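Rule-based calculations on the coordinates, nothing more; no lab input. What you are looking at is a predicted structure, and each value in this text was computed from that prediction instead of being measured. Cβ atoms come from the backbone with ideal geometry, glycine included; neighbour counts cover every protein chain shown.
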Amino acid sequence: MSQKNFAFGQVQKHLGAKKYYAALSHLSSLSLQYSKDIEFLTLLSETQAGLKDFTNLIKTQSEIVRQRGSTQDKISLMRCYYRANQRNHALDVGLELQSQTLSTIEEQVLSKLLVKIFLEENDFEGAQEVITRALMSEADDFLLWAQGIVLLNCDNKERALDYFRKAVQLNPRNDQAWVSLAMMHKDMGDEDLYVANLEKAIDLNPYNAAALKLLAGSTQRKSERVTATFEHLRFYLAEYCFDEDISLCHIQMLCQVKQWDIAELEIEKLLLNEPESQSFKKIKKSMFEAQNLC
């Protein structure tokens, strides 16, 4: 085995075990010798992706595109920009890719990335153009859900509801579509189905922040439902302990059930991390006012 293969094999072992810092340390020791080597850059990009180091990942992936420039490399760069919230750069890469010959899978990945960007930019016409073209070649639950969102923006609620239903029929594990269905049922006044759909979304993806916020704000306050909602919020916060929106939902629910001591403890913990947060200060003031009224 060559020295290079042995060295890169050690990095691959670290990556296989998801030991990203160990992989990065090993790559650092090899950088002087192999910094322009495409295999080295590929391993480095995988390591940076694992570490969620998007700033350096973009640099690495850009160099890979410069050296090799395959359509798959460009899609990976587009995805890097998107994950780093650099949607304009991602869109530039995506629009360039539209003029190139892509495999069927690459077409599917590109279409979904473009739709995500257009929806987040509220460019519903752009999203519709991509969705229409993509749905001609594949029935996909994400695209069906996205079509529902575009129709909802046009105030075509009946057709939007139909597409959300089609999305969960095609893929019952599409938690995003279950949240959209929930909101449609709330709009129709069906509170029970609204809550049931939200709970379904959370069962599928306990880190669906949109579903958690909506469930925490639900008007139904049955004791068993409150207990279950607390469990969902705490599970999420165990992973994302300083998520401001979900933390506020948790504290507001604690106040609603008059668990003042725990609520105050949670607020103080969050203020230590974000001492200037006006949201936390406001809810702390509201909590003390509510306590005085009891």
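Let a ≥ b ≥ c be the square roots of the eigenvalues of the Cα gyration tensor of the chain; is it rounded (a/c under 1.5), or, if not, prolate (a/b larger than b/c) or oblate?
Oblate shape, in that a/c is at least 1.5 and b/c is the bigger or equal ratio.
Would you give the gap between the C-alpha center of region 160-186 and the C-alpha center of region 229-253, rounded to a whole Å?
24
In nm, to one decimal, how far is the Lys269 label point from the Asn122 one, both placed 7 Å along Cα→Cβ?
Output for this residue pair reads 3.6 nm.
Sorted by mean Cβ packing within 10 Å, highest first, what order do the peptides 104-114, 135-145, 63-73 take?
Averaged packing, sorted descending, gives the order 104-114, 135-145, 63-73.
Can you spot the aspartates and glutamates whose alpha carbon is less than 12 Å from Lys36's alpha carbon? Ignore those fewer than 8 places along the same chain.
Glu63
Treating only the Cβ of Lys, Arg, Asp and Glu as charged (+1, +1, -1, -1), what charge dipole size does the chain show about its Cα centre? Round to the nearest 20 debye.
Magnitude of the dipole: close to 720 debye.
At 0.36 nm per residue, minus the direct Cα-Cα distance, what do Lys4 and Asn205 gain on full extension? Give it in nm, one decimal, please.
Answer, rounded to one decimal: 68.2 nm.
Contour minus end-to-end for Arg66 and Ala228, with contour as 0.36 nm per residue of separation and end-to-end as the Cα-Cα distance?
Full extension of this stretch gives 53.2 nm more.
Would you mind calculating the gained length between Thr104 and Glu158 on full extension (0.36 nm times residue separation, minus the Cα-Cα distance), in nm to one decimal?
Extra length from Thr104 to Glu158 when fully extended: 16.3 nm.
Along each of the three principal axes of the Cα atoms of region 6-47, give the extent in whole Å, ordering the values from largest to smallest.
25, 17, 16
If I take all pairs of Cα atoms in region 155-240, what percentage of them are more than 16 Å from each other?
51
What is the set of long-range amide H partners of Ser277 at a cut-off below 5 Å, with H atoms built 1.01 Å from backbone N?
Here the answer is none, since no amide H 5 or more places off falls under 5 Å of that of Ser277.
What list of ³J(HN,Hα) couplings, whole Hz, do you get for region 173-181 from phi and the Karplus terms 6.51, -1.76, 1.60, once you set θ to phi - 60° and write x for glycine and proline?
9, 7, 5, 4, 5, 5, 5, 4, 4
Counting Lys +1, Arg +1, Asp -1, Glu -1, what net charge surrounds Pro206 among other residues with beta carbon under 15 Å of its beta carbon?
Taking every other residue near Pro206 into account, the sum is -2.
Once phi is turned into θ = phi - 60°, what whole-Hz ³J(HN,Hα) does the Karplus curve with 6.51, -1.76 and 1.60 give for every residue of region 118-124, x standing for Gly and Pro?
Each residue of region 118-124 in turn: 4, 5, 5, 8, 6, 9, 6 Hz.
Could you list, in their original order, any pairs among Lys186/Lys269; Lys4/Lys116; Lys52/Lys74; Lys59/Lys269; Lys52/Lys269; Lys4/Lys74 whose Cα atoms are separated by more than 30 Å?
Those over the limit are Lys186/Lys269; Lys4/Lys116; Lys59/Lys269.
Which of Met188, Met78, Met183, Met253 has the fewest other C-beta atoms within 10 Å, and how do the rest follow up to the most?
In increasing order of surrounding Cβ atoms, one gets Met188, Met183, Met253, Met78.
How much mean residue ellipticity at 222 nm does the chain get from its helices, if each DSSP H run of length 4 or more adds -39500 (n - 2.57) and you divide by all residues, to the nearest 500 deg cm²/dmol?
Per the formula, -25000 deg cm²/dmol.
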